[in-house]
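The values are calculated or read from the model by the stated rules, or taken from the named source; none is laboratory data. Source: prediction; values computed, not measured. So basically every Cβ, Gly included, is an ideal-geometry build from the backbone, and we count neighbours across all protein chains shown. Keep in mind that these areas ignore ligands, DNA and RNA; they rest on the heavy atoms of the full protein, side chains included. Shrake-Rupley method; radii C 1.70, N 1.55, O 1.52, S 1.80 Å.
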Amino acid sequence: MVVCAPFAGVARLQVAEGDDVTTGLPVAVVEAVKLEAPVQAPCPATVAKILVEDFSDVSGGDPLLLLAPHGSAAADAREAGR
């Protein structure tokens, strides 16, 4: 499952590859001109791959990281991809 930046700004990562995350846990923060938006995990998962460097410039919609969903969340993600 790909987690993307909500808008253009600077991405600050809050997790590392291999970390387990729960639904709603902030995995990154995107900052732009005094605006800060947490990017939350949509489901319980393991961080499979970080796709950007910490404090890198990103555009809205850019992929930030890949999550490997746990349990039923993995099945839901496969269903959504069909």
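Output the residues belonging to the stretch 28-50 that are more than 15 Å from V10 (Cβ to Cβ) and open to solvent by 70 Å² or more (accessible area, probe 1.4 Å).
Answer for the stretch 28-50, where residues must be more than 15 Å from V10 (Cβ to Cβ) and open to solvent by 70 Å² or more (accessible area, probe 1.4 Å): Q40, P42, K49.
Filter the stretch 2-16 down to residues that are out of contact with any Leu (no Cβ under 9 Å at 6 or more places or on another chain) and small (G, A, S) and give me whichever is nearest to V29 (Cα to Cα).
A8
Quick one: in the stretch 2-14, of everything that is open to solvent by less than 20 Å² (accessible area, probe 1.4 Å) and either in contact with a Pro (Cβ under 9 Å, 6 or more places away or on another chain) or in contact (Cβ under 8 Å) with a residue 60 or more places away in the chain (or both), which residue is farthest from S56 (Cα to Cα)?
V3
Kindly indicate the residue of the stretch 59-68 that is small (G, A, S) and in a loop (DSSP other than H, G, I, E, B) and also surrounded by the most Cβ atoms within 10 Å (Cβ to Cβ) among those meeting that condition. Let's see the steps before the verdict.
As a first pass, look at the stretch 59-68 and keep what is small (G, A, S): 59-61, 68.
Still in the running and in a loop (DSSP other than H, G, I, E, B): 59-61.
Details: S59: 10, G60: 12, G61: 10.
Selected residue: G60.
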